[in-house]
Amino acid sequence: MWGIFLYILDLVGLSPIPFLAELIGTTAPALKLLISILMGYPIAILYHHHIKDFFDYRNIYFIVCGVDMAFFNFGISMYHNMIPAIVIYMTTKFLGAGKMNAVITFVFNMGYLLIGYIVTESEDYDITWTMPHCVLTLKLMALSFDLWDGKKMIKGETLSENNKKTALLRAPSFVELIGFVYFPACFLVGPIFSFRRYIDFVMDKFPVEKEAKVYEKQALRRLLQGLGYLIAFQVGVYVFNVKYMLSDDFWETSIFYRHFYCGMWAHFALYKYISCWLLTEASCIRFGMSYNGVETTPEGKTISKWDGCNNIKLLRFEGATKFQHYIDSFNCNTNHFAAEYIYKRLKFLGNRNLSQFFTLLFLALWHGTRSGYYMTFFNEFLIMLMEKELEPIISKTELYNKLWSHNVTKYMLYGLLKMYTIVFMGWSLAPFDLKAFSKWWGVYSSLYYSGFVLFLPWAILYKPLLKMAIKASGVRRVRAD
């Protein structure tokens, strides 16, 4: 009960947290969050040494540790995270699994979260009860859909392969549900995972004992990577500071420098999220939660995989040359939720772009009410629309393929595309981080609205001009085999 102990010390003015936070140059809530994330790892070790053999106490252990962690961070306001869990338990019990239960869960959780944002949100980066609540919102929404899919499965209806993996044939007990909600490794910042994964873990369906050496090694590696990215974040945002971008001095630099500076700031700013996800994934692996089947090595050896709670693909992220690479590699579990539970279930709209637009609108709403969130996801919509239409046009030309096959020009192209992703990730992320219109619009002004100039006119101006130019220049197209 370390969390409650430190909370009581804080009430009587004896907590070391404020002093330590000031010493390392951060806020007390941020330091509490970091301590809680790091505590997930030793909690996992204690689970295996002292709790795992007592089957009936497993969920209780997760609840006690998670509630203790919540109390440490949010005090009495942690009760907000319990209310939606009670509501979905009651609606499932009285209405049963199905469409009505899923709709009620969706509306109630989004409504509760948005009211929380309205009450607590400011222009700064807020660490309040809404932080774990946004994670919880997705988990409970997914749970209601998985129960609905389980009902469909019982009726013999056709489900996708992904839906079959998460469909639930029975509703969780109250203790199982609360254990799922407060699972200490990822209660605060994710990653999200299905209830099916949670219950399979609790019921010993993963080879935890047999593969202990494998996942312990992978957990330690992820832990060290997380600490490394945490250090890189601290150094990076010290060198590339968002406050400098809001200053008059920023305007005194060249337009090219401002774009590069903003891009590098964004790249390091994302390390804040990456470090947290790596640390929480390390805890999930150490628990044994992350089992993801087996794979065969090039040498023909079969090994177990423990990437089931992976939320960041580091090599794809660091080597990104288009924004699709960022989407594929960053916040993977949330993107998976958006694809499976929002985008694909909007199939009735009959238009992929419309489905994508409403999916991004949902994600913006899920993040908060500030204008910056909506601008960021609008940027994503514009950029992805351009990339998806541009790539098929130019990749079918002989010139494009020759450039990529040449030993010198392929590296030049890679460098150019890498610079493009870094620079315009800065353009896209600035509103997300600054939130308030007056702040992010000022940064956009310093960049001369370059993102709008590049992406907004694509469909009505650049796309037809590019097609005309390719046709007029006589550039040959690659023949299909």
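Checking each residue in the stretch 282-306 for being closer than 21 Å to Leu230 by Cβ and out of contact with any Phe, Trp or Tyr (no Cβ under 9 Å at 6 or more places or on another chain) picks out no residue at all.
None of Ile342, Ile303 is aliphatic (A, V, I, L, M) and part of a helix (DSSP H, G or I) except Ile342. Only one of the numbered conditions (1) within 22 Å of Ile199 (Cβ to Cβ); (2) within 23 Å of the chain's Cα centre (by Cα); (3) open to solvent by 60 Å² or more (accessible area, probe 1.4 Å) is violated by Ile115, and that is (1).
Mind listing just one residue for me: the one in the stretch 429-441 that is small (Gly, Ala, Ser) and open to solvent by less than 10 Å² (accessible area, probe 1.4 Å) and, of those, nearest to Phe330 (Cα to Cα)? So, considering only residues that are small (Gly, Ala, Ser) and open to solvent by less than 10 Å² (accessible area, probe 1.4 Å), the one nearest to Phe330 (Cα to Cα) is Ala430. Within the stretch 127-182, if we keep just the residues that are more than 21 Å from the chain's Cα centre (by Cα) and closer than 30 Å to Lys32 by Cα, the residue that is surrounded by the most Cβ atoms within 10 Å (Cβ to Cβ) turns out to be Gly179.
Screening the stretch 92-105 for residues that are free of Cβ contacts under 8 Å to residues at least 60 places away in the same chain and crowded, with 18+ Cβ neighbours inside 10 Å and picking the one that is nearest to Pro29 (Cα to Cα) gives Thr105.
Screening Ile303 against (1) out of contact with any helix residue (DSSP H, G or I) (no Cβ under 6 Å at 6 or more places or on another chain); (2) at pLDDT below 95; (3) crowded, with 21+ Cβ neighbours inside 10 Å leaves a single unmet condition, (3). Applying the criterion of being part of a helix (DSSP H, G or I) and in contact with a His (Cβ under 9 Å, 6 or more places away or on another chain) to the residues of the stretch 202-239, the residue that is most open to solvent (accessible area, probe 1.4 Å) is Ala212. Comparison of Leu354, Leu360 shows that the only residue that is over 27 Å from Ile118 (Cα atoms) and either open to solvent by 30 Å² or more (accessible area, probe 1.4 Å) or assigned to a helix (DSSP H, G or I) (or both) is Leu354.
Screening the stretch 442-453 for residues that are surrounded by 15 or more Cβ atoms within 10 Å (Cβ to Cβ), more than 19 Å from Tyr125 (Cα to Cα) and touching a residue at least 60 places away in the same chain (Cβ under 8 Å) and picking the one that is nearest to the chain's Cα centre (by Cα) gives Gly451. The set of residues in the stretch 325-338 that are crowded, with 16+ Cβ neighbours inside 10 Å and at negative phi comprises His325, Tyr326, Ile327, Ser329, Phe330, Cys332, Asn333, Thr334, Asn335, His336, Phe337, Ala338.
The values are calculated or read from the model by the stated rules, or taken from the named source; none is laboratory data. Only a predicted model underlies this, so the values are computations on that prediction, with no experimental measurement involved. Cβ atoms come from the backbone with ideal geometry, glycine included; neighbour counts cover every protein chain shown. What goes into the accessible areas is simple: the full protein's heavy atoms, side chains included, and nothing from ligands, DNA or RNA. Shrake-Rupley method; radii C 1.70, N 1.55, O 1.52, S 1.80 Å.
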